[in-house]
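The structure appears below as structure tokens.
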């Protein structure tokens, strides 16, 4: 958000978000609608005033059959919620890069980093609460991928 704040008032941007990046661009749309020319949601989670981040994540988790060989990290003790997730090679191979050349998968596995998880999803809902007046005033473009094996097509809209 620092970058958005630093923009001159006459500057307008095209924001692009993929997967959970949809939450980030939604928060920026809500806080700076006058600075966003269009927001592009590429197989991205897209909240609305009537659809919270928590609800989207619940629907996503219910439909995902398995994280396969991915590894959770429990930095706050094993009895607490996991704090991060590292996507496994098999998951990336069969669900993310199944249509890509082997060298793309190899590079993706080498570049994979832990993804932070929200232990308090109510904080996420607060951070990405959107309204029709601000968020709803920004033009949106949706790119849905019908062969995405991680996010069902109806959750991409």
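None of the figures in this text is laboratory data; all of them are computed from the coordinates on show. Every value quoted in this text rests on a predicted model; they were computed, and no experiment measured them. Please note: Cβ atoms are built from the backbone with ideal geometry, for glycine as well, and neighbour counts cover all protein chains shown.
Suppose we look only past 17 Å in the calculated P(r) of region 83-157. What percent of the Cα-Cα pairs does that tail hold?
Tail of P(r) above 17 Å: 66 percent of Cα pairs.
Find the all-direction average of the projected area of the Cα convex hull for region 1-81, expressing the result in square nanometres with one decimal place.
7.5 nm²
By per-residue mean of other Cβ atoms within 10 Å, what is the highest-first order of 12-23, 131-142?
Final packing ranking: 12-23, 131-142.
Evaluate Rg over Rh across the chain, taking Cα atoms for both radii and Kirkwood's formula for Rh.
With Rg and the Kirkwood Rh in hand, the quotient comes to 0.99.
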